[in-house]
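Engineer: Sharing a structure with you now.
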Amino acid sequence: MLEGKKIIIGISGSIAAYKTAALTRLFVKAGAEVKIIMTRAAMDFVTPITLATLSKNPVHSNFIKNELGEWVNHVELGLWADAMLIAPASANTIAKMANGICDNLLLATYLSARCSVFIAPAMDLDMLAHPSTQANLKKLGDFGNYIIDAKDGELASGLEGKGRMAEPTELLSEIEEFFSKSKPLSGKRVLVTAGPTYEHIDPVRFIGNHSSGKMGYAIANELDAQGAEVVLITGPTSLNVGSNRIKRISVTSAAEMFEATISEFVKMDIAVLSAAVADYAPQHRSEQKIKKAGDELTIQLAKTKDILKKLGELKTDDQLLLGFALETENEVSNALKKLKEKNLDAIVLNSLQDKGAGFGHDTNKIDMLFKDGRHQKFGLKTKQEVAKDIVEEIIKLIHA
Ligand code: CTP
């Protein structure tokens, strides 16, 4: 049942749009509150008045509500929904969604929605099989959307093949199943830090490090997949998060990361600090570019604030705190020292002695050391697999 769930049904131009009247009725009967957004093309197949009556809500299609300039707030609509179902999703709408185009209300709402999005393609078999449509669907799946596969059968073109939109009853049960499956981290708020920090020397130079951010981003994506509400505080990287449910806060320096992390931490159940934060930063940032002068140049560095240590001091009994340790020698004893001194529940140890581990690689090899003395070793894996291992351990800690 969908009692109390808020659902947006987005309808694009395909003959399967005629089925959305039955679809809307099924959702309303299941207890959902439904709001409909249609593209212009969808209106050639089903009328807004039918859907407004069945959904018991006005149907939206334009950014502007009336000639007085009142506008439909797509951000508000996107935030209102617990789930968004785009059915039917035409090849054109799918292509635009995959590329961030938002030239209508449906697409703008999709781009600003933070809820889970389900996409039910409907089109002719050759359009669906075309490599560009397949690549777009793969991209949308990789963004964290759920694709509800089109079915085989007779198509509007008269051809037989795959391209029919899944039946309304099937769309309903997919979404009911999604809500009934409570994920292990549903309702948990998790903070992740990732990437390097840049400490400015002058307007053109900085002190940085080789962290790519890949490990932290993989952890944020996996936490999101397990149902957590994720806030990612990231230093400069070229990476994107896998889902628009993840709230991303971009910072540059250790001082900025400190401020952002401290202010978010009170709201969190769990924090995983994987960022490679500079331990020292130039004491003074030169306003002007430093000109070449003598044979030597000395830059005075001052210690940055240790974010992880501060969180260890602030941590309540209900919060879990995990840190990382990147070591080149006496790995386990150094990591254990950090675990204790920073008041952590667990620490993830990376050794630069291990081939394929640490900065820059797509793989990593970790050990996890726990407050209760447990020491868990893992093999060389992709960073996505390592993220799964870490998140699995977090889930065990929560349920311990
Ligand atoms: N860390 C942090 N703030 C800092 C420095 C580090 O939050 N100013 C965090 C990192 O995100 C990581 C952990 O502390 O989770 C350990 O970082 P690491 O550089 O290995 O250890 P340090 O405590 O800085 O000690 P050292 O550099 O001497 O090994």
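The values are calculated or read from the model by the stated rules, or taken from the named source; none is laboratory data. Computed from a predicted model, the values in this text were never measured in an experiment. For neighbour counting, all protein chains shown are included, and Cβ atoms are generated from backbone atoms with ideal geometry for every residue, glycine included. What goes into the accessible areas is simple: the full protein's heavy atoms, side chains included, and nothing from ligands, DNA or RNA. Shrake-Rupley method; radii C 1.70, N 1.55, O 1.52, S 1.80 Å.
Engineer: Let me know the whole percent of all Cα-Cα pairs from the chain that are separated by more than 42 Å.
Structural biologist: For the chain, the share of Cα pairs beyond 42 Å comes to 27 percent.
Engineer: Be a star and scan segment 258-302 for residues whose amide nitrogen sits under 20 Å from the point 7 Å along the Cα-to-Cβ vector of SER186.
Structural biologist: Counting only backbone N, you get 269-270.
Engineer: I've got another one for you. Long-range amide H contacts for SER212: which residues qualify at under 5 Å (H placed 1.01 Å from N, peptide plane, sequence gap of 5 or more or a different chain)?
Structural biologist: Amide H to amide H, under 5 Å and 5 or more residues apart or across chains, SER212 pairs with GLY360.
Engineer: Sorted by mean Cβ packing within 10 Å, highest first, what order do the peptides 332-339, 117-124 take?
Structural biologist: Top to bottom by mean Cβ count within 10 Å: 117-124, 332-339.
Engineer: Spelling out what I want: for every residue of segment 13-19, take phi, set θ = phi - 60°, compute 6.51 cos²θ - 1.76 cosθ + 1.60 (Karplus), and round to whole Hz; glycine and proline get x.
Structural biologist: Once rounded to whole Hz, the list reads x, 7, 4, 5, 4, 5, 6.
Engineer: How far apart, in nm, are two points set 7 Å out from the Cα along the Cα-to-Cβ line at ASP318 and at MET1?
Structural biologist: Modelled inter-label distance: 2.9 nm.
Engineer: Something else: Any idea what angle helix 20-29 forms with the longest principal axis of the chain, computed on alpha-carbon atoms, 0 to 90 degrees, nearest 10?
Structural biologist: Between the helix axis and the principal axis of the chain, the angle is about 70 degrees.
Engineer: Right, something else. Based on the Cβ-Cβ distance from PHE178 to GLU256, what FRET efficiency comes out when R0 is 51 Å, to the nearest 0.05?
Structural biologist: Between PHE178 and GLU256 the formula returns 0.90.
Engineer: Here's something else I'd like to know. Note down the relative contact order for segment 30-96 as a percent, whole number, built from C-alpha pairs under 8 angstrom at least six residues apart.
Structural biologist: RCO, segment 30-96: 24 percent.
Engineer: Right, here's the next one. In segment 199-240, carbon and sulfur make up what percent of the accessible area (probe 1.4 Å)?
Structural biologist: Whole-percent figure for carbon plus sulfur exposure: 51.
Engineer: Given +1 on the Cβ of Lys and Arg, -1 on the Cβ of Asp and Glu, and no further charges, what dipole in debye does segment 6-181 carry about its Cα centre, rounded to the nearest 20?
Structural biologist: Dipole of segment 6-181, to the nearest 20 debye: 300 debye.
Engineer: Which order, highest average first, do 84-92, 149-157 follow once you tally other Cβ atoms within 10 Å for each residue and take the mean per peptide?
Structural biologist: 84-92, 149-157
Engineer: Let me ask something else. Given charges of +1 on the Cβ of Lys and Arg and -1 on the Cβ of Asp and Glu, with all other atoms neutral, how large is the dipole of the chain about its Cα centre, in debye to the nearest 20?
Structural biologist: Computed charge dipole of the chain: roughly 400 debye.
Engineer: Next question. Would you tally the net charge around GLU33, using a Cβ to Cβ cut-off of less than 13 Å, leaving GLU33 out, and scoring K and R as +1, D and E as -1?
Structural biologist: Once positives and negatives cancel, what remains is +3.
Engineer: With a 1.4 Å probe and all protein chains left in place, how much of the accessible area of segment 315-358 comes from carbon and sulfur atoms, in whole percent?
Structural biologist: 44
Engineer: Now, a different point. Could you point to the residue in ALA30, ILE15, GLY163 farthest towards the positive end of segment 6-181's charge dipole, with +1 and -1 charges on the Cβ of Lys/Arg and Asp/Glu respectively?
Structural biologist: ALA30
Engineer: To continue, here is another question. Compute the acute angle (0 to 90°) between the alpha-carbon long axis of helix 383-399 and the principal axis of greatest extent of the alpha-carbon atoms of the chain; round to the nearest 10°.
Structural biologist: 90
Engineer: Okay, next question. Using 10 Å bins from zero, what percent of all Cα-Cα pairs in segment 6-181 falls into each bin?
Structural biologist: Result returned by the calculation: 10, 41, 37, 10, 1.
Engineer: Can I ask one more? Can you tell me the orientation of helix 254-265 relative to the chain, as the angle in degrees between its alpha-carbon axis and the longest Cα principal axis, to the nearest 10?
Structural biologist: Its long axis makes an angle of about 60 degrees.
Engineer: Find which of THR316, LEU273, PHE370 sits farthest along the positive direction of the dipole of segment 189-398, computed with +1 on the beta-carbon of Lys and Arg, -1 on that of Asp and Glu, about the Cα centre.
Structural biologist: LEU273
Engineer: Ordered by packing density, taken as the mean number of other Cβ atoms within 10 Å over each peptide's residues, highest first, how do 252-259, 25-32, 372-379 rank?
Structural biologist: 252-259, 25-32, 372-379
Engineer: Please give me the summed charge of the neighbours of PRO196: other residues whose Cβ is under 14 Å from its Cβ, Lys and Arg +1, Asp and Glu -1.
Structural biologist: -2
Engineer: Return the carbon/sulfur percentage of the accessible area of segment 1-121, one whole number, probe 1.4 Å, all protein chains in place.
Structural biologist: Carbon plus sulfur share of accessible area: 56 percent.
Engineer: Okay, moving on. For LYS305 and ASP372, what is the calculated FRET efficiency with R₀ set at 30 Å and r taken between the beta-carbons, to the nearest 0.05?
Structural biologist: Result of the calculation: an efficiency of 0.55.
Engineer: Relative to the Cα centre, what is the charge dipole magnitude of segment 189-398, using +1 at the beta carbon of each Lys and Arg, -1 at the beta carbon of each Asp and Glu, and rounding to the nearest 20 debye?
Structural biologist: Value, rounded to 20: 220 debye.
Engineer: Also: Using 0.36 nm times the number of residues separating HIS130 and GLN283, minus their current alpha carbon distance, what extension gain do you get?
Structural biologist: Difference between extended and current length: 49.3 nm.
Engineer: Residues with amide H under 5 Å of LYS5's amide H, sequence separation 5 or more or different chain, H placed in the peptide plane at 1.01 Å from N; which?
Structural biologist: GLU33
Engineer: Rounded to the nearest 0.05, what FRET efficiency do SER333 and ASN240 have when you use their Cβ-Cβ distance and R0 = 45 Å?
Structural biologist: Efficiency at R0 = 45 Å is approximately 0.75.
Engineer: What residue among THR328, THR382, THR93 shows peak mean-square fluctuation when the chain is described by a Gaussian network model with Cα springs under 10 Å?
Structural biologist: THR328
Engineer: How far, in nm, would the chain grow between THR53 and THR382 when pulled straight, counting 0.36 nm per residue and subtracting the alpha carbon separation?
Structural biologist: 113.4 nm
Engineer: On to the next question. Can you flag which of LYS19/LYS96; LYS139/LYS214; LYS305/LYS342; LYS340/LYS377; LYS365/LYS388 are past 21 Å Cα-Cα?
Structural biologist: LYS19/LYS96
Engineer: For ILE249, which sequence-distant residues (separation of 5 or more, or a different chain) have an amide H within less than 5 Å of its own amide H, given hydrogens modelled in the peptide plane?
Structural biologist: So ILE249 has HN proximity to LEU232, ILE233, THR234.
Engineer: Let me ask something else about it. Provide the net charge surrounding VAL59, with neighbours chosen by a C-beta distance below 12 Å and charges set as Lys +1, Arg +1, Asp -1, Glu -1.
Structural biologist: So the environment of VAL59 carries a net charge of +3.
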